[in-house]
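Report on one structure; see the data block that follows.
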């Protein structure tokens, strides 16, 4: 009786593994295809961080395939995914990172590379202890750098000047109070490390001086945002929702000069819809 139950339990576990692997593999393939079609093909070109994200999908897919064939989790592939993700973060945010943060990220990449090497080499107890100590020091250094970055972004957020702008929606005029990201430090900070209450009560206006093509990230942002993209003539041609994510990038199909970030649902609550509204800035003094 016990043997039958154990055999039945083994069959259930194998079935669960197979179903879970197919679900994970299908999800990876679907996500990669969606990213390529929506984010790469519609922009007409692929940037380096797009290619690195495709490599991450490839590595996860390979990890699923190896586990399916061998029933063993390939830990080295998890390390490869982490290395690629950190490298991608550097390509996206290197202009906004301090020297300390860059050193921390590159140090973490080195530690992960050494960990991948360690998987191939037999180590004694002392070597394992040294590796664990080095990893702990790296994690502590990363946490310290993150705290320093948040102080920087908080200071930039607090120093943004406040002004009133209006949005023309048909015959209706909506007056809104915004913080203005008037320099590169303000633009890099945005809502990073802000509190949910600050996001709920604040809007940020970005003015890039001319129409450009770029994307926004949601790293270190604790709540979802809406972002309106505005042409140089004030026409709001795209409104997107941005969810918190350390890797996702958001941008419209086309160039823009201004962008307005607000808490999720703000523009809909004010009746502001893309293609039907215009941002009006006060004349420069």
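Here, each number is a calculation from the coordinates, and none is a lab measurement. Everything quoted here is computed from the prediction, not taken from an experiment. In this analysis, Cβ positions are derived from the backbone assuming ideal geometry, glycine residues included, and neighbour counts consider all displayed protein chains.
Odds and ends about this structure:
- Those residues of the range 164-189 whose amide nitrogen sits under 16 Å from the label point placed on residue 214, 7 Å along Cα→Cβ: 180-189
- Degrees between helix 75-93 axis and first principal axis of the chain (Cα, 0 to 90, nearest 10): 20
- Sequence of 179, 241 once ranked by neighbouring C-beta atoms within 10 Å, starting from the fewest: 241, 179
- Here the contact order of the chain, divided by its residue count and restricted to Cα pairs under 8 Å and six or more residues apart, works out to 13 percent.
- C-alpha long axis of helix 99-118 to longest principal axis of the chain, angle in °: 20
- Computed from the C-beta positions of residue 14 and residue 110 and an R0 of 41 Å, the FRET efficiency is 0.55 to the nearest 0.05.
- Residue-averaged 222 nm ellipticity for the chain, from DSSP H runs of 4+ at -39500 (n - 2.57), nearest 500: -17500 deg cm²/dmol
- Computed lengthening from residue 270 to residue 183, 0.36 nm per intervening residue step minus Cα-Cα distance: 28.5 nm
- Computed from the C-beta positions of residue 2 and residue 62 and an R0 of 25 Å, the FRET efficiency is 0.05 to the nearest 0.05.
- Percentage relative contact order, the range 159-285, counting C-alpha pairs under 8 Å, at least six apart: 28
- Principal-axis analysis of the Cα atoms of the chain puts helix 125-159 at an angle of about 10° to the longest axis.
- Were the residues from residue 22 through residue 155 laid out at 0.36 nm apart, the gain over their Cα-Cα distance would be 43.2 nm.
- Using R0 = 30 Å, the C-beta based FRET efficiency linking residue 241 and residue 207 works out to 0.85.
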